[in-house]
1. Post the alpha-carbon centroid distance, the stretch 329-403 to the stretch 97-170, in whole angstrom.
2. Work out from phi, with θ = phi - 60° and the Karplus expression 6.51 cos²θ - 1.76 cosθ + 1.60, the ³J(HN,Hα) of each residue of the stretch 365-372, listed in order in whole Hz, and give x for Gly and Pro.
3. Extending each Cα 7 Å along its Cβ direction at Ser403 and Lys28, get the distance between those two points in nm, one decimal.
4. Rg to Rh ratio, the stretch 29-171, alpha-carbon atoms and Kirkwood radius?
5. Using θ = phi - 60° and the Karplus relation 6.51 cos²θ - 1.76 cosθ + 1.60, list the HN-Hα couplings for the stretch 112-121 in order, rounded to whole Hz, with x at every Gly or Pro.
6. Would you please give the FRET efficiency between Arg217 and Ala37, computed as 1/(1 + (r/R0)^6) with r the Cβ-Cβ distance and R0 = 45 Å, to the nearest 0.05?
7. Could you work out the relative contact order of the stretch 130-170, using alpha carbon pairs under 8 angstrom and six or more residues apart, expressed as a whole percent?
8. Relative contact order of the chain, please, whole-number percent, based on alpha carbon pairs below 8 angstrom and at least 6 residues apart.
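Every number here is computed from the coordinates shown, using simple stated rules; none is lab data. Predicted, not measured: the structure shown is a model, and the values here were computed from it. A quick note on method: Cβ atoms are made from the backbone with ideal geometry, for glycine too, and the neighbour counts reach across all protein chains shown.
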Amino acid sequence: MKIVVAGLVAALVLAAPQASAKEPLVPKRLLGIVGGATGARLAKLDARTLRPISRMVDAGTGVSYVARSPGRGALVAFTGGRRGELLRFLDLDRMRWTGDMSVSGSVSAAIWRLADRLVVVTAGRASAVVIMDPAARRIRARRNLGGTVVATNVGADRLVAVVAPFDRIGEAWLVVVDERGRVRTVELPNVRAGTEVVSTDPYVGRYERPAVAVDSRGERAVVLTARGTAVEVDLASLATRSHTLALSRADKGGAGSDRSALWISPNTIAVTGSDVSEDGGETRWTPAGLKLVNVSDWSIRILETATVQMTYAWGTLLAHGGVWDAQTRRSVYPGVAGYGTDGALRFRLFEGETIGPAAIVGWHAYFTDDNATRFTIVDTNTGAVVATAETAVPTFPLRLWLS
């Protein structure tokens, strides 16, 4: 069976490390999107069989999970609309939509820690911080960011975003937003980001997308570039310190770089991504691999060389993703590797397959086939297959644990 990412539904889940748990985090129910002849529908699913166990509600277009109301509340926010420009609110108890709001841009990240304040950051040319009252269905405030958002992350009660100039690669800045929607900004020395057109005929573009990681307390952020610059930001004072890391790529007519980062333990940030270069008219994709950055001395530890994506799951770092090899004219699929936060390898699965978890709920990761109808459910702590499931129609579990 060929395993792939369920890419039809982009779940906008904030990829911050979860708190440790004393008991096994085994889900019984979760929320998911169920396909069918009449369109996609949202439903509560049995966590082992992925069969609907609730009333189903029409999902509409462009649906992606954004955030849940505080205290595991009954209200859940999703994006909607053709461009993700709407926020729709679902009542989990009644499984009914309660209303929607326009945010004039696709939602990149959100923080919802106060019942009357859902704070979102939108991307694209309408990049802004939008503060809304979900119960009253009104926008409290909107602040345009004056650039385009290229990376986001969340730690505790703070949301951070790296913002680049419009239509060019230039000096980037960090936007820091708290749970009430208060916005502060700081320049990022030696961090360049953005997208620009080099030629229109033929079309040639370049892009630089650095990563940002936030510690679990929301006290520090670190922005990391493909060229090896790391800028540490104190999120209380906005003081910055720059460091040089051995993360840089070989620049062979580089067309672009993309990085992602997760702060997985008090002194450790995981970094991965990919680079694109043009060589004799041939486009080459190069994995950045998976590296651990020790923020106490800024040393680097290489765990994987073929990784382009990662997911954090309750103490386990999953390395996955594949790229096209122009020389061999084939895709390179490293499978999935599970590492502890200390960098120790726990397991390897699905070698030779291009995969990533369609969703992680508690300790369980859901991997699916091309049609999103056959699933392998893996315990991310041990790598053991705990169950398999088959569904009659394409099904997309979301990272929303109900019980």
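1. Answer, in whole Å: 30.
2. Here the 3J(HN,Hα) series is 10, 10, 10, 9, 8, 4, 8, 6 Hz.
3. So the label points at Ser403 and Lys28 sit 0.5 nm apart.
4. Working: Rg = 16.1 Å, Rh = 16.1 Å.
Computed over Cα atoms, the ratio is 1.00.
5. Listing the rounded values in order: 9, 10, 10, 4, 9, 9, 9, 10, 10, 10 Hz.
6. 0.40
7. Details: 45 pairs, mean separation 11.4, N = 41.
Value for the stretch 130-170: 28 percent.
8. Numbers: 1153 pairs, mean separation 58.8, N = 403.
Averaging sequence separation for qualifying contacts and normalising by length gives 15 percent for the chain.
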